[in-house]
Amino acid sequence: MWIAKVARGLTRVFLVASGLGWIQMALGQEWDLLPTGSQSSLRAIHALDASKAWVCGSQGTILRTVDAGKNWTRLMIPELQDAAKGKLEFRSLHAWSDREAIVATAGQPSAIYKTTDGGSSWGCVYSNAHPAAFVDAMRFFDAQNGFAVGDPIDGVWMLLQTKDGGETWQSVVSPGLIAKEGEAAFAASNSCLLVDSKDSFWFGTGGSGPVGLVHRIEAHADLNRPMISTREVLVMPSNASSGLFSLAIDSSKKTLIAVGGDYQKTEVAQGHIAMSDSPSAKSQAWHATSGAAPRGFRSAVVYASKYKQPWICVGPNGSDWSFDGSDWEALSDVGFHALSVAADGTVWASGSEGRVAKLQ
């Protein structure tokens, strides 16, 4: 390995030659790659702190580390072992500790499983036998309250809520939230869903033209009669392979960022990012960013206040970051699918070929 120091505007960067190719990063910040021993596509990650994290993905893979990624334990759900040999995917994940976590399958069999003993045993806490049932994302606001979003069933969005730490799940009945023809959410990174309170959330979609949509659900008083609003994101086109893939909000809840694009055209840096400066307003409006855009399709975005450039997004062709969410700089050329901000502020990422890293 050798390192070259390069001036780039007012920011110095390192160009590092490694077995994974060139890694470009701002001086003092870099992805620390953590070998997992897996070749799976890891589509969901939940980091607890700088030492403990869970990841999951293709081939029924669930991994956990408690020593900062030096060692990983592969965990299995016994009743799904036969399915894991085929196309079983875990793309939704949440962890409360190194002992307690919950995962959801993407596609069939459609189910949510929870462990309280570090993955030694799992209990099925939700299942749906409908052939169209497909969980896209699952997120929690606190230890007890969370939501899951799944693709439409018979034209109506599959929305679930838990108020007891994932032990039981109830449908958020939404007769007014009818999906457009072909509309779907993308289970690329467990982040098309953004939960901002114990009773409210956003989720972004694509799959049908002409533009992506953001749905806002507020179920403060009654699960059976939630307040629903939908906004078009005119600057982000939508078709079967494009739309909104990930949503994130800053710590002051004043800026909401959406990233996505076309996953079949990962190098195209157009129609793949939007922002809203009034996320809490019913008249929520989306607009294009004004500065340099991320360098291609992006499947995940987070806000991490620990870093000088707190907005971070990733995709198959690299990662970018930004101070204000509007003007982006290259962070790395190594590809990832998903991101997680730990309680101590550390950012973890996961991707294809079993790739996991921490931003140092």
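The values are calculated or read from the model by the stated rules, or taken from the named source; none is laboratory data. Treat the numbers as computed from the prediction; the structure is a model and nothing was measured. Every residue, glycine as well, gets a Cβ built from its backbone with ideal geometry; the counts of neighbours run over all protein chains shown.
Restricting the search to segment 335-360, which residues are of a type outside the set (D, E, K, R), surrounded by 24 or more Cβ atoms within 10 Å (Cβ to Cβ) and assigned to a loop (DSSP other than H, G, I, E, B)?
Phe336, His337, Gly351
Could you tell me whether segment 233-250 includes any residue that is loosely packed, with under 15 Cβ neighbours inside 10 Å and modelled with pLDDT under 95?
For segment 233-250, residues loosely packed, with under 15 Cβ neighbours inside 10 Å and modelled with pLDDT under 95: absent.
Among the residues that make up segment 272-288, is at least one of them under 19 Å from Ala187 (Cβ atoms) and in contact (Cβ under 8 Å) with a residue 24 or more places away in the chain?
Our first condition is that a residue be under 19 Å from Ala187 (Cβ atoms); within segment 272-288, this holds for 272.
With in contact (Cβ under 8 Å) with a residue 24 or more places away in the chain added as a condition, the list becomes 272.
Within segment 272-288, one or more residues are under 19 Å from Ala187 (Cβ atoms) and in contact (Cβ under 8 Å) with a residue 24 or more places away in the chain.
I'm trying to understand the selection: among the residues of segment 40-70, which are assigned to a loop (DSSP other than H, G, I, E, B) and either aliphatic (A, V, I, L, M) or under 14 Å from Lys87 (Cα atoms) (or both)? Break it down into steps so the answer makes sense when it comes.
Quick first cut of segment 40-70, residues assigned to a loop (DSSP other than H, G, I, E, B) only: 40-41, 48-52, 59-61, 66-70.
Ser40, Ser41, Leu48, Ala50, Gln59, Gly60, Thr61, Val66, Ala68 - these are the residues of segment 40-70 that are assigned to a loop (DSSP other than H, G, I, E, B) and either aliphatic (A, V, I, L, M) or under 14 Å from Lys87 (Cα atoms) (or both).
Of everything in segment 126-166, what is farther than 20 Å from Ser189 by Cα, in a strand (DSSP E or B) and among the small types (Gly, Ala, Ser)? Give them in sequence order.
Ser127
Are any residues in segment 204-216 crowded, with 24+ Cβ neighbours inside 10 Å and either touching a Lys or Arg at 6+ places or on another chain (Cβ under 9 Å) or more than 25 Å from Asp142 (Cβ to Cβ) (or both), and if so, which ones? Full working, then the answer.
First, pick out the residues of segment 204-216 that are crowded, with 24+ Cβ neighbours inside 10 Å: 204-206, 212, 214.
Residues satisfying the conditions are Thr205, Gly206, Gly212, Val214.
Yes/no per residue for (1) β-branched (Val, Ile, Thr); (2) surrounded by 24 or more Cβ atoms within 10 Å (Cβ to Cβ); (3) touching a residue at least 60 places away in the same chain (Cβ under 8 Å); (4) closer than 14 Å to Ser340 by Cα:
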{"site": "Ser290", "(1), (2), (3), (4)": "no, no, no, no"}
{"site": "Ala300", "(1), (2), (3), (4)": "no, yes, yes, yes"}
{"site": "Ser305", "(1), (2), (3), (4)": "no, no, no, yes"}
{"site": "Pro310", "(1), (2), (3), (4)": "no, no, yes, yes"}
{"site": "Asp320", "(1), (2), (3), (4)": "no, yes, no, no"}
{"site": "Phe323", "(1), (2), (3), (4)": "no, no, no, no"}
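What are the pairs with Cβ atoms under 9 angstrom where one residue, in segment 180-198, is touching a residue at least 24 places away in the same chain (Cβ under 8 Å) and the other, located anywhere, is among the basic types (Lys, Arg) and assigned to a loop (DSSP other than H, G, I, E, B)? Sequence gap at least six, or different chains.
Asp196/Lys253; Lys198/Lys163
Among the residues of segment 234-282, how many are among the polar types (S, T, N, Q), over 21 Å from Ser208 (Cα atoms) and part of a loop (DSSP other than H, G, I, E, B)?
Going residue by residue through segment 234-282, those that are among the polar types (S, T, N, Q) are 238-239, 241-242, 246, 251-252, 255, 264, 266, 270, 276, 278, 280.
Remaining after also requiring over 21 Å from Ser208 (Cα atoms): 251-252, 255, 276, 278, 280.
Going one step further and asking which of them are part of a loop (DSSP other than H, G, I, E, B), we end up with 251-252, 255, 278, 280.
Residues that pass the stated criteria total 5.
Residue by residue, here is whether (1) touching a Cys at 6+ places or on another chain (Cβ under 6 Å); (2) free of Cβ contacts under 8 Å to residues at least 40 places away in the same chain; (3) more than 21 Å from Ser41 (Cα to Cα); (4) surrounded by 15 or more Cβ atoms within 10 Å (Cβ to Cβ) holds:
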{"position": "Asp67", "(1), (2), (3), (4)": "no, yes, yes, no"}
{"position": "Arg74", "(1), (2), (3), (4)": "no, yes, no, no"}
{"position": "Pro78", "(1), (2), (3), (4)": "no, no, no, no"}
{"position": "Gln81", "(1), (2), (3), (4)": "no, yes, no, no"}
{"position": "Thr105", "(1), (2), (3), (4)": "no, yes, no, yes"}
{"position": "Ala129", "(1), (2), (3), (4)": "no, yes, yes, no"}
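Looking only at segment 21-47, count how many residues are out of contact with any strand residue (DSSP E or B) (no Cβ under 6 Å at 6 or more places or on another chain) and modelled with pLDDT of 95 or more.
Adding up the residues that qualify gives 4.
Taking the condition of being over 16 Å from Leu80 (Cβ atoms) and buried (at least 19 other Cβ atoms within 10 Å of the Cβ), how many residues in segment 135-168 meet it? Talk me through it step by step, then tell me what you get.
Within segment 135-168, the subset over 16 Å from Leu80 (Cβ atoms) is 136-168.
Of the ones still in play, those that are also buried (at least 19 other Cβ atoms within 10 Å of the Cβ) are 136-140, 146-152, 157-162, 165-166.
So the answer is 20.
Determine, yes or no, whether Ile112 is outside any helix (DSSP H, G or I), in contact with a His (Cβ under 8 Å, 6 or more places away or on another chain) and of a type in the set (A, V, I, L, M).
Details: outside any helix (DSSP H, G or I): yes; in contact with a His (Cβ under 8 Å, 6 or more places away or on another chain): no; of a type in the set (A, V, I, L, M): yes.
When the stated conditions are applied, Ile112 does not pass them.
When you check Arg231 against the structure, is it assigned to a strand (DSSP E or B), more than 22 Å from Glu30 (Cα to Cα), of a type in the set (D, E, K, R) and under 18 Å from the mean Cα position of the chain (by Cα), yes or no? Even if it seems obvious, please write down each step before you answer.
Working: assigned to a strand (DSSP E or B): yes; more than 22 Å from Glu30 (Cα to Cα): yes; of a type in the set (D, E, K, R): yes; under 18 Å from the mean Cα position of the chain (by Cα): no.
Taking the combined requirement at face value, the residue does not satisfy it.
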